[in-house]
2 protein chains.
Amino acid sequence: MKKLHDDSDEVREELERDAADSLPQIAHHLGADLRKLVEHFHKDNIYLVTDFEVPFLRFRQKVSSVEKGTMVFLIGARAGGHKRIEYIRGFPKIRRLMNLRTGLAKNLPKEFYVEEKMDGYHVRTALINGKFVAVTRGGLPCPYTTYRIREHLPNLNFYKENKKLMLCGEVVGIQNPYQEKSYPEAQKFGYFVFDIRDRMTNEPLPVKEKYRLIKKYKLPAVRSFGKFTSKDHKKIRDIVRQLGTKGREGVVVKTADMSKQLKYTANQSTNSDLNYAFKFMFDYGQAFMFRRLVREAFQTYELGLKGKKLEEEATALGKSLLFPMIKTIKEIDEGKEVTEDFDITVPSEEFGRAFVDHLNHLGVRATIEKIEENKKTKHVTFKLKRHYPATNDKIKAYLSGEFCEE
Amino acid sequence: MKKLHDDSDEVREELERDAADSLPQIAHHLGADLRKLVEHFHKDNIYLVTDFEVPFLRFRQKVSSVEKGTMVFLIGARAGGHKRIEYIRGFPKIRRLMNLRTGLAKNLPKEFYVEEKMDGYHVRTALINGKFVAVTRGGLPCPYTTYRIREHLPNLNFYKENKKLMLCGEVVGIQNPYQEKSYPEAQKFGYFVFDIRDRMTNEPLPVKEKYRLIKKYKLPAVRSFGKFTSKDHKKIRDIVRQLGTKGREGVVVKTADMSKQLKYTANQSTNSDLNYAFKFMFDYGQAFMFRRLVREAFQTYELGLKGKKLEEEATALGKSLLFPMIKTIKEIDEGKEVTEDFDITVPSEEFGRAFVDHLNHLGVRATIEKIEENKKTKHVTFKLKRHYPATNDKIKAYLSGEFCEE
C-alpha cells in the first residue's frame, strides 16, 4: 500500500507541475491576468482535481476575469504532458431586480426577452475529450446528473456538431440530491436549457441564435414569454405573479445580444424557499433567510397591495416561517429525526453507492434507506435520507429544557 | 497645543502604569486569575477610561471569572497613585428558556419567584467615590441616565446606607436614546430595580432580602408575581401571555437564594422587537432577527395553538416583518429619510449638546432637531433624530432600479 501511495503522490506532483506549466497558455486562452492565475494557483483557489477521468483545474472563486466554477481540463495529461486544454467556463452571477419598474427602465431601456426562471439546480453540459459530462455550478462533475441527463436527451447531436459550445440549464424534479422542486412537465427529472455559451470565451449566443439551435436539435428549454420593453413592467409583474400562483419561481429578462440578464421572482416562490429553509432552521444560513424577507417586502410594496390582500401576503409569509419550524419541533418532540427524504435512480447498485459516497465527500450527509431494483428497466432506485444534525440536536436540547445563551 | 498634548499623554501613561500596578490587588479582590487580567490588560480587552471623573478600567469582555461590563474605579489616581479601588461588577447574562415546562422542571425543580422582565435598557447604579452614577450594561457611565435617575429618585438613602451594594434595574419610557418602549407607569422615564448586588463580589441579595430593602427605601421595582413551582408552568405561561397582550415583555424566574435566574418572554413582545428591527432592516443584525423567529416557533408550539389561533399567530409574525419594511420602503420612495425620533430632557443646553456628542462617540448617529426650554422647570428638551444610513442608502438604491448582488 505504501508503494502505491507514493506512486500516486508522484503522479499528482507531476500533474501539478504540468498544470503550473500550462498557466501561461490558459491565461492567454481565457484573456486572464497570468500573475493572478499563478498567485491563486499557489493559494489553492485554483486547484487540481484528479479524481475525474481527465484531470482539471477548478476555480473555487473568481480570479481575474475568470468566473468561479470555471473548469480547465488538461487532456492527455496522464499520458505525460498533456496535448490539449478544454474549458467549461463558470456561469456568471445573474443579478436580481428589487424593483421591476425602475429596474427595467434603468438597466434594460430597450427591448428584451422574458424567459422563465425555473427552480432547480444549475447544470452545464458539454463534451469533454469527446465524452458527455454534466457539471454543477461550483465546477464539479456530477456523475449522477451526467447519467440522468444523458438518459434524458434523445441524442448528443448538438454537442457533437457544436464542440465549442456548452448548454447551461436547470435540472428540476424530485429525483436529485440538491433540491426538491417538482414541475408538472418534469416531476421526477428534467433538464431545461436557458443559455448556450462558448465553453472557452463564455460568450453567450444571442437569444435568437439560441432559439434556432434549441429548435434545430429539439433541446428541452425553459419557456420564453417573448419580447417586451420596460414599459411592460406591469405585464411582466403579472406573468411573475401568475407563475407564483402555479408554484413556479419567476423570470429572467435578457437583451437580444445577451449583454444583460436580470432575474425577478415571485413572493410565493420566496415563501416556498423560506418554508424549506425553516424546516432545517439551524442548518440554513441566516443571510439566505434575511435576503428573502427583504425581497418579499419590495415586491409587496411594488404590487401596492392594500387591506385584505396585504394581510394575506403577511399571513403567507408568517406561515412560511412559523409552520415549518413548528412541524420540525413537533416531530423532534415525538422522538423522530427530521430529515430530507429523496430518491435517485441509477444504472446500478455500485454506481449508487459510489454516488452516495461522493455526496458525503461534498458535505451532504446522506444515508441509504432502501435500494430497489426494477427488473424490467434494470434501473436501481436508492431511497436516501439527508441529515441535518444542527437542527435536530439544538431543538432536542431546547425541548429537554436546556436554556439558550442569550 | 503641542505641549498640552504631551502633558496629557504623560498623565495617561502614568495612569496606565498605576492601573497595571493595581492588577494584583484587583485580581485578589475579584477572585480572578492575575495572569489572565495582565494578558487582557495588554490586549486592551481591559482598558483604561480616563474621560470620567474617576479613571476606571473597563472589561470589554469576560476575563477569567469577571463579567463583561465590569468597571474598576481607581479612586484618587489623578492625585498621583490612587488610594482606593471601587467596583461595579458587570451584570451576568440571564439565559433564556425555550420550553417553559421542561425548562422549569430541569433548571428550577423547587420553589422560585417570578418577576416581571421589563423591556428597556439595563442600568446599574451606585455611589462611586461618594457620587451617584448610572452605568450601561457594557460598563460605561451614562451622563444622561445618571441625571435622570438622580432626578427620579426621592433620595439617595439606599446608596448612602449600603455603600457596598449596587442597584440593577431597567430604564423604560420614551425619553432615552437607547430604546423606545413606554409603560403606562413610566411613559417618559422610569427606573425599576430587579436585583441588588455586592459591587465587588457581584453576590446578589436573596430575593426576600431584596424585597425588604426595596420596601424600606421605597425603591421603584419591577413587579413580583410571587412564588411558584415548576408544576405551575401553565400559570406562568398565562402570566407571560397576559403581559404580552398588554404590550409587556415577559418574566424572569429566580430561586430564593438567587443561585439561578432564567428569562421567558411573550411572542407579542418578540413581534414588537421584530417590528422595530425590520424598520431599520439593513442596520440590524440578522442574528437578532433569526433568534426571535425561532423563539416564536417554540412558544407557539408549546402553547399548542391550532386552527384560527395558529393562523393568527402566523399573521402577527408576518405583519411584524412585512409591515415595517413596507412602511420604510414607502417613506424612502416618497423622498423621506427613515429615522428614529426621540427626545431627552436635560438640565441645560450645554449638558444636552455634550451628551449628543457622547452618543455619536459611541456610534449612535444622532442629530439635534430642536431644543426647547421650559422656562418654569428650567429643563431643556432636545428633539433628536437617530440615523440609519445602511437602511436608507440600500433601499434608495434598490428603488432607483439598482440590482441586488445575488
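Please report, ordered by residue number, the strands (runs of 3 or more DSSP E) entirely within the range B:313-406 with at least 1 residues that are free of Cβ contacts under 8 Å to residues at least 24 places away in the same chain and open to solvent by 50 Å² or more (accessible area, probe 1.4 Å).
B:366-373
Mind checking which residues of the range A:73-130 are open to solvent by 10 Å² or more (accessible area, probe 1.4 Å), modelled with pLDDT under 95, within 14 Å of chain B (Cβ to nearest Cβ) and touching a helix residue (DSSP H, G or I) at 6+ places or on another chain (Cβ under 7 Å)?
Answer for the range A:73-130, where residues must be open to solvent by 10 Å² or more (accessible area, probe 1.4 Å), modelled with pLDDT under 95, within 14 Å of chain B (Cβ to nearest Cβ) and touching a helix residue (DSSP H, G or I) at 6+ places or on another chain (Cβ under 7 Å): just A:P109.
Can you pull out every residue in the range A:330-345 that is closer than 17 Å to A:L399 by Cβ and charged (D, E, K, R)?
Those that are closer than 17 Å to A:L399 by Cβ and charged (D, E, K, R): A:K330, A:E331, A:D333, A:E334, A:K336, A:E337.
Would it be correct to say that A:L167 is open to solvent by less than 10 Å² (accessible area, probe 1.4 Å), under 27 Å from A:I26 (Cβ atoms) and of a type in the set (A, V, I, L, M, F, W, C)?
Criteria met by A:L167.
Conditions (1) out of contact with any Cys (no Cβ under 9 Å at 6 or more places or on another chain); (2) charged (D, E, K, R); (3) farther than 16 Å from B:N275 by Cα, marked per residue:
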{"site": "B:E313", "(1), (2), (3)": "yes, yes, no"}
{"site": "B:I326", "(1), (2), (3)": "yes, no, no"}
{"site": "B:K330", "(1), (2), (3)": "yes, yes, no"}
{"site": "B:I344", "(1), (2), (3)": "yes, no, yes"}
{"site": "B:N360", "(1), (2), (3)": "yes, no, yes"}
{"site": "B:K376", "(1), (2), (3)": "yes, yes, yes"}
{"site": "B:F382", "(1), (2), (3)": "yes, no, yes"}
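Quick check on the range B:277-293. Is at least one of its residues touching a residue at least 60 places away in the same chain (Cβ under 8 Å), open to solvent by less than 20 Å² (accessible area, probe 1.4 Å) and under 27 Å from B:A105 (Cβ atoms)?
Among the residues of the range B:277-293, not one is touching a residue at least 60 places away in the same chain (Cβ under 8 Å), open to solvent by less than 20 Å² (accessible area, probe 1.4 Å) and under 27 Å from B:A105 (Cβ atoms), which makes the answer no.
The values are calculated or read from the model by the stated rules, or taken from the named source; none is laboratory data. Everything quoted here is computed from the prediction, not taken from an experiment. Ideal geometry is used to build each Cβ from the backbone, glycine not excepted, and the neighbour counts take in all protein chains shown. When the accessible area is computed, the model is the full protein with side chains, heavy atoms only, and any ligands, DNA or RNA have been set aside. Shrake-Rupley method; radii C 1.70, N 1.55, O 1.52, S 1.80 Å.
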